[in-house]
1. For region B:181-335, just say rounded, prolate or oblate: build the C-alpha gyration tensor, square-root its eigenvalues into a ≥ b ≥ c, call rounded for a/c under 1.5, and beyond that prolate if a/b exceeds b/c, oblate if not.
2. If you count only protein heavy atoms with a 1.4 Å probe, what accessible area per residue comes out for region B:4-183, rounded to a whole Å²?
3. Relative contact order of region A:497-567, please, whole-number percent, based on alpha carbon pairs below 8 angstrom and at least 6 residues apart.
4. Hey, what did region B:250-354 get for relative contact order, percent, Cα under 8 Å, at least 6 apart?
5. First obtain the Kirkwood hydrodynamic radius of region B:4-183 from its Cα pairs, then insert it into the Stokes-Einstein equation at 25 °C and 0.890 mPa s, and state the resulting D in µm² per second as a whole number.
6. Accessible area of B:Val263, 1.4 Å probe, to the nearest 10 Å²?
7. Run through region B:11-111 and list the trypsin sites (Lys or Arg not before Pro) located in a DSSP loop whose Cβ has at most 15 other Cβ atoms within 10 Å.
8. With θ set to phi - 60° and the Karplus curve 6.51 cos²θ - 1.76 cosθ + 1.60, what are the ³J(HN,Hα) couplings of region B:173-178 in order, to the nearest whole Hz, using x for Gly and Pro?
Amino acid sequence: MTFSPFPVFRIDLQAKPHEEIGLTMDDSDDDVSIVKVTQAKSQRKGASWVTPSFDDFDFEPSLPSSKSSKGFSQSHSQYSQPKSQPKKTLQTKLSTFASRDDFFNAPSSSASLSRKRQREQQQVPAHKLTSVVKSEAQRRKLKTALSTDLWSDQYQPKKKEDLAVHKKKVEDIWSWLKERTARFTKHAAPILLLTGPPGTGKTATLKILASELRLEIQEWSNPATAAGDSDFKAMEQADWSERSSVDVYSSQSQSSQFSNFLLRANKYQALQLDLTASSTNSSQGKFILVEDIPNSFYRNPEELHNILKKYRRCGHCPLVLVVSDTSTNSSNAQRLFPPDVQVDLRLESINVNPVAPTMMVKVLNKIASQEAAQGRFAAPSARVVESIAMSSAGDVRSAINALQFACRQDTVDLNQLRTIQKRLKKESSGSGRRLKYGSLAKQDSGASNSTQHEVVIGAKDTTCFLFHALGKILYFKRGDPAESGGHQKLPAHLSRHDRDPLLFTPEEIVEKTHLSGEYFNTFLHQNYVDFLSSVEDVERAAEYLSDADLLSAQYTSRGQLQDYTVSVATRGFIHSDSSICRHTDSRKGHGWRPLHKSQWFATQKQSQQSKAAAMRLFRGYHWVPETLLTEIVPYINLTNPTLHDPGQISFVQNVCQFSRSSYALRPGLEKLDEKSAVDDEDDTDEIPTASMNPAFNASQSLARKDNAGDNDDNNDDLPSSQTQIKTAPVEEEEEFFIEEFDD
Amino acid sequence: MSLWVDKYRPTTLAKLDYHKDQAAHLKKLVQGGDFPHLLVYGPSGAGKKTRVMCTLRELYGSGVEKLRIEHNNFTTPSNKKLEIVSISSNYHIEVNPSDVGIQDRVVIQELIKNVAQVNQLDSSTQKDFKVVVLTEVDRLSRDAQHALRRTMEKYMSTCRLILVCNSTSKVIPAIRSRCLGVRVAAPSADEIVQMLQTVCKKEGLNLPSELARRIADKSQGNLRRALLMCEACKVQQYPFSADQDVSEPDWEVFLRDTASMIVQEQSPRRLLEVRGRLYELLSHCIPADVIMKGLLQELLQNCDGELKTEVVQSAAHFEHRLQSGQKAIYHIEAFVARFMAIYKRFLEEGIADLF
C-alpha cells in the first residue's frame, strides 16, 4: 500500500481480547444496547466471523449504523450465519469508499488509484443500462430509444456556426479569449463578466469556443453539501475513539473554498482523468469558468470583490464569470458588480442578448426536422414553431423544451395550440409582420377580446427592467384608430381630450417590472418633466401624479388602490402630453434622454437623519423639531456657533448650507442605468426615529471636522465608507497563501 | 452660553410681559383648586410653552424646574421598538408624540397610562394630579387623537393634560370640547419692540428704536424669532446702527430665490431646477408645509390682484393634499406647475391686450 486516504486501522481480532471490541463499539454511535449483545455473542463466535483473509486489509470499523445495527439487532437465528454478514458490510463499505475517491484529488494520489477510478467511471453507465454497451453510438441509440433525454441537452451546439447567439457577440468572446490567453501581463489577470438572460447560450458559447481555441476550462462548481465533506474528513482522523465527535465539522466556508479553488486552479493543471482525451488534447492554455457564484457572495459582495482583486493581482489565466439576469426586479450582475467595482476590477463585460426570434425559429426548425427525419415525431407546423419561438422570450433552452413537449404524440392536440394557430393566421394576414417578442401583447391591447389565448406551451413570463418599462411609458406610442375597431371619437365639446388609442397597456408594463406602483411612480415623477414641452402639459401631468399619491395615502386601502395609482399616474402623464394626440404625431426634438433615479428616497433619508441628529445634539434645548430646525439652528449659525460643542457646530454649518449658485442644475442626480438594481423600499412614511444611530453622529462630526472650511459641498460628505484598497499588505498575504499550497 | 430666548424666558405667571389679564386668569384657575385639561393654541413664537411652564410652576412651585431628560421605550403591538425622549420633573412630563410618526397612538396610550397609574406621592401638600404636556398635538395622527380622547376621561382623577398646538383646526372636535381652550395670541409689534428693548437693557446694550421696529415687523409677531434676529444683529454689528440689515435664516433666502425663479421663467426646464431646490430644502429638514407657505407668500407678492384668488385657491388645494398625501414633493411640484401655468397665461393675455 503506497498511499491510502483512509485511516490505517488494523484490527487483529485474533490477538486481542474480546472486551476491547466491545469497548470500541461502545465508543461508536448510539447502539449501546446492541453492543452489549454483540459482546455476549462475540464471546462465543467472535473469532469465527473475522476470517484471516481480512487480516492485511485496512479495516475501517465505522460500519454504517443502519446496516450494521440491523445485522446485529436481529434475533439469534440471524447470527447462525454471521459469516456472510460482515463480509457484505465490508464490501459495501469499500464501494462507498471507491465512490468517494472523487473527493480525493490531492496531487499525491498514486497512479494506480486513478486508474482504478477510471475503470469505475467507465462502468457506471454500464450498470445503469444493465447491459455492457461498448461503442458510443450504440449507447446513444439506446438512450434515444428511451427518449427521456431533453432535446436541449441532446442538441447542444457542437460548432461555432450552430450557436444561436448573435455572430458579433460570439466574435467578441472569441477575440477576448484568444487575446487574453495569448498575451498576458503580470498582475493584471483579465476577468470577463458574461451576462444575459438565462438560456441564451452563454455557457454553450464558451464551451464551444474553448474547444475550438483548444483551451482548457476549469470550472467551479459549488460543493453540494458540507456533509459529504465532513464525513470524509472525519474518516481522515486516525484516532478511532474520536469518531464519536463527528459532529465537529471542520468544513470551510463557501467563500474560502471558492478562493482556494481560484488559487489552486490558477496554480495547478487539472488532473488528467481521461487518458484518451489527454493524449489528443494538447491544450494551448486554459481559463477558469465560474458559473455558480457561491450564494454567500450575494449577501456580501465585498468578499467576492476582495477575492477577485486578489486574483487579478496574482492570477495567471483569464477568469470568466457567467451571471444570468434571472431575478425579477434587479439584475444579479448589477448587484454583485456595481459599476464602480467593475471599473475598479477592470472587469470587461459582454452582455449576451436574448436570442433573436428569427434565429430561434431557425434553431427550432432544425431540431424539429432532425427529429422528424428519424421518424419518431411528426414535424410540427411552422406556425407552432413560430409561436413557441415567440413565447420563449429569447430563451433557447426553454424554447427547445417547449418544442419537445409540443411534439409529443399525446400533447399535439392540445386545445391551446389550435387557438394559437388560428390567431396567428389572423395575425399574419396583416401586412409584412416583423417577428418581435412584444407583438403578441400588442395585438391584445388593440383587440382586447382575444387576450385569453395568450397561454402557449412553455411560455415564459417575461419581465421587464425598470429602465425599459419607464422608457416605454415615457416614449409612448399611439396606434391608428382605424385599425382597432372599437375606438370611438369623443363628442365635439370634449374634442381636446381626444387621443388615439395606445399601442400598449401601461398597467401591464408596470406589472412586469415587479415593483410596487408607488415606487414606479416616483421614478416616473423624476423623469416626466423632460418629456413634456409646455408648461400646461406639465401642470396637468403634475396634478395627475399628485392625484395618484393621494389615492394610496390611506394606509388601510393602500393595498387595493396601489394598482390604480399606477394607472392614474401613467395614463395621466400620457394623456397630458398634448403634442402627441394622434398616431401620426412625431416627437419633436426628443432625442434619447438620460433617465434618473428618484431623488425622493435619498432626500427623505437625509432629512430624517439630520432631524434625528439635531434632536440628539440639541437635546438640552428641548424645542420641537420644526422650531429647532427652521428657527433655532439657522440663527445659531448666524449668531455665534463657536460657543457650542464641535458636533453641534459642524451640524449647524451643514444644515444651514445651501448651494449658492441660484441656477445650479439639479445636483446629485443618479442616472438610471439599463439594468440598474433597484430595491423596492418599504414604506418610508414609517419614520424610523428609533434609529438615531450614534455611529452616524460620531462619524458625521468627525467627517465634518475635516472639511469645516469646505463650504460648497454640503450633501455628499457622508463618512467615507468606501474601502480604500491598500495594495501592499494584501499582496503579502497573497504570497503566504501560495506558500501554503506548495507543500 | 444660552440664547437670549432661553435666558430671558419668564418663569412665573407674574413676570409675563404681555397678555397680562390672561395670566391673571390662569392664576385664578390654578388657585381655584380644580384644574381642567387645557388646550393651549396660538401661532408659533407667541409664548405658549412659556405660559404652560409658568402655570406649572404656579401649580407645583419651583420643583417643576428640576428637569431631566428621559428616554422612554415602547413596544408596538407589532413588536416594533419605539424610543421617545421626554422631559420631566417630579410633577409633570412633557413629550412630543409626533416624534415617532404614525406610531404615536401607542406612545400616547402607554405614556399617559404610566404616568396616571402612579399617584402623587405627597398629596397633602401638593395637588393630587400630575400633568402631561403634549406638544405639536396638531401633528398627531387621527388614531392617536381618538385614543387620547378615551385616555383623557379614564385617568381624569390622577392626571391632567395640557395640549399645545399651533392651530385647533387639526385637532378633532371631541378633544377640543374636552379641554379648556387657551388662546395665546401673537404679541403686537409694539409689545415686541418693548420686549426687545427690555432684553437689550438687561444685556447692557443700546438698541435704536428704528431697528427694534424693523425687527418687530420682520418677525411677523413671532417673539422667538424677533429675539433670535436681534441677537444675530448684535453678532453682526455692535453698536447697532438704525439701518443695519436684519439677517434671515439661509433657508428663507433660498426659498425666496426659488420663488423668484418661478416668476422669472415658466418652462419645464425651470420646473426641474425648482424641483432640485425643493429637494434641497426638504433634505435640510424644512417641513413641506413651511415650504408651501413660504412659496405662496413670495409668489403672491408678484401677482396681480385678480390672480391672487386663483393662486391662493390652488395653494390651498395642494396644501390639503400635502397633508393627506405621502410624498410631499408631488404636491409642491404640482402647485409650482399650476402657478407657472396660471402666471404664463396671465402674461400672455397681458401681452395680447397690449396690442
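1. Values: a/c = 2.26, a/b = 1.91, b/c = 1.18.
Verdict is prolate for region B:181-335.
2. On the way: 8200 Å² over 180 residues.
I get 46 Å² per residue for region B:4-183.
3. Numbers: 38 pairs, mean separation 28.5, N = 71.
So the answer I get is 40 percent.
4. Details: 70 pairs, mean separation 34.0, N = 105.
It comes to 32 percent, rounded to a whole number.
5. Details: Rh = 16.7 Å.
This corresponds to a translational diffusion coefficient of 147 µm²/s.
6. The accessible area comes out at roughly 20 Å².
7. Numbers: sites: B:Lys15, B:Lys20, B:Lys27, B:Lys28, B:Lys48, B:Lys49, B:Arg51, B:Arg57, B:Lys66, B:Arg68, B:Lys80, B:Lys81, B:Arg105; in loops: B:Lys66, B:Lys80.
Hits after loop and neighbour filter: B:Lys66, B:Lys80.
8. The phi angles translate into x, 4, 6, 4, 6, 8 Hz.
The values are calculated or read from the model by the stated rules, or taken from the named source; none is laboratory data. Values in this document were obtained by computation on a predicted structure and should not be read as measured data. A quick note on method: Cβ atoms are made from the backbone with ideal geometry, for glycine too, and the neighbour counts reach across all protein chains shown. Side chains are part of the model used for accessible areas, which takes the heavy atoms of the whole protein and leaves out ligands, DNA and RNA. Shrake-Rupley method; radii C 1.70, N 1.55, O 1.52, S 1.80 Å.
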